[in-house]
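The values are calculated or read from the model by the stated rules, or taken from the named source; none is laboratory data. Only a predicted model underlies this, so the values are computations on that prediction, with no experimental measurement involved. Here the Cβ is made from the backbone with ideal geometry for all residues, glycine too, and neighbour counts use every protein chain on show. Remember, those area values only see protein heavy atoms, side chains included, never the ligands or the DNA or RNA. Shrake-Rupley method; radii C 1.70, N 1.55, O 1.52, S 1.80 Å.
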Amino acid sequence: MTQAADVSQRAAPPPGRVTRTLIRWLMRPARVAAVEMPAPLFRLIDLEGDALKAVAWVVGQKIQIAMGSGLSARTYTPMSWDAERGRTRLLAFAHGDGPGSLWVSGLGAGDTCAFAGPRRSLDLSDIGTPVVLFGDETSFALAAALHHGPHAAGARYLLEVSNLAEAQTVLAAIGLGTATAIGRAADDSHLTAIEAELLRLAAGRTDIILTGKASSIQRLSRALKMAGVASSRIKAKAYWAPGKVGLD
């Protein structure tokens, strides 16, 4: 995922000595090699370091990055992982004013961080092809990983977004210019078109991956199951819900 659930928390003070010791035990260090800003609220972040080498990462797994206070961490889905060079790329969505968004907004090349993982988040080991991914801004990184992975052939991406122009700019920057981005409506009426398209694609034996906002996933999952789509063909992972943090 990309960070999107920081809507009410303020930056916390730096960690104390005990917390720093725990972070060293539980997490590994990485260096920020580069930061790009494809759009105002998005950051492409390249991390590098020896701890990223010889790592068996697969599409759908997550890493958690310490936010600098207590043992608070935020979860990100890598877009790619070069285990030989020791390098991974993240796409972060800096939405709100919580620790994750403040960390992303202030990040620069040469900074250091502590991370844990990669770890299981969304198991795509038995997913078939073609596949369709539904999600939102927090799903862009997973979409990019899928697009450059073994499930790329015939894959479709349906994404609900808050700022259509900004989303299209970011998607083009990460090689997903053909993804379908649909602007959110306050009453969720935009989901009607997405639901109809998912049902049409599911009729062709397409496997479905549902990610992003919890309530959107619940609605679409219910519609698919009512249409007779087998649960084995549906993978779902809620990355966020309004007013909640730490879903993943």
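Give me D for the chain in µm² s⁻¹, whole number, from Stokes-Einstein with Rh from the Kirkwood sum over alpha-carbon pairs, 37 °C and 0.692 mPa s.
The calculation lands on 178 µm²/s.
Using the heavy atoms of the protein chains and a 1.4 angstrom probe, tell me the accessible area per residue for the stretch 43-170 in square angstrom.
Value returned for the stretch 43-170: 36 Å² of accessible area per residue.
Top to bottom by accessible area (1.4 Å), largest first, where do SER72, SER231, SER125 land?
Order by accessible area, largest first: SER125, SER231, SER72.
Enumerate the amide H contacts of VAL59 below 5 Å, restricted to partners 5 or more residues apart or on another chain; note that Pro and chain-start residues carry no placed amide H.
Those qualifying (amide H under 5 Å, at least 5 residues apart or on another chain) number zero.
Out of the GluC sites (Glu not before Pro) in the stretch 121-170, which ones are loop residues according to DSSP with at most 16 other C-beta atoms within 10 Å?
none
Within 10 Å, count the other beta carbons around each residue, average over each peptide in 178-187, 192-201, and list them highest first.
The densest-packed peptide leads the list: 192-201, 178-187.
In debye to the nearest 20, how big a dipole does the chain give about its Cα centre with +1 on each Lys and Arg Cβ and -1 on each Asp and Glu Cβ?
That gives a dipole near 700 debye.
If you place +1 on the Cβ of every Lys and Arg, -1 on the Cβ of every Asp and Glu, and leave all else neutral, what size is the dipole of the stretch 160-238 about its Cα centre, to the nearest 20 Debye?
Using only the charged Cβ atoms, the result is roughly 400 debye.
Note down the accessible area of VAL59, probe 1.4 Å, to the nearest 10 Å².
Rounded to the nearest 10, that gives 30 Å².
Tell me, what ³J(HN,Hα) does each residue in the stretch 47-57 have, in order and in whole Hz, if you take phi through Karplus 6.51 cos²θ - 1.76 cosθ + 1.60 with θ = phi - 60° and put x for Gly and Pro?
Per residue, the Karplus-derived 3J(HN,Hα) values read 9, 9, x, 4, 5, 8, 7, 6, 10, 8, 8 Hz.
Using Cα positions and a limit of under 17 Å, work out the aspartates and glutamates in reach of LYS225, with same-chain residues fewer than 8 apart set aside.
The qualifying aspartates and glutamates are GLU195, GLU197, ASP207.
So how far, in whole Å, is the C-alpha centre of the stretch 185-200 from the one of the stretch 204-248?
Taking the Cα centre of the stretch 204-248 as reference, the centre of the stretch 185-200 is 13 Å away.
Using helices alone, I'd like the mean residue ellipticity at 222 nm for the chain: each DSSP H run of four-plus residues gives -39500 (n - 2.57), total over residue count, nearest 500.
-7500 deg cm²/dmol
Nothing charged except the Cβ atoms of Lys and Arg (+1) and of Asp and Glu (-1): what's the magnitude of the dipole of the stretch 29-154 about its Cα centre? Round to the nearest 20 debye.
With Lys and Arg at +1 and Asp and Glu at -1, about 200 debye.
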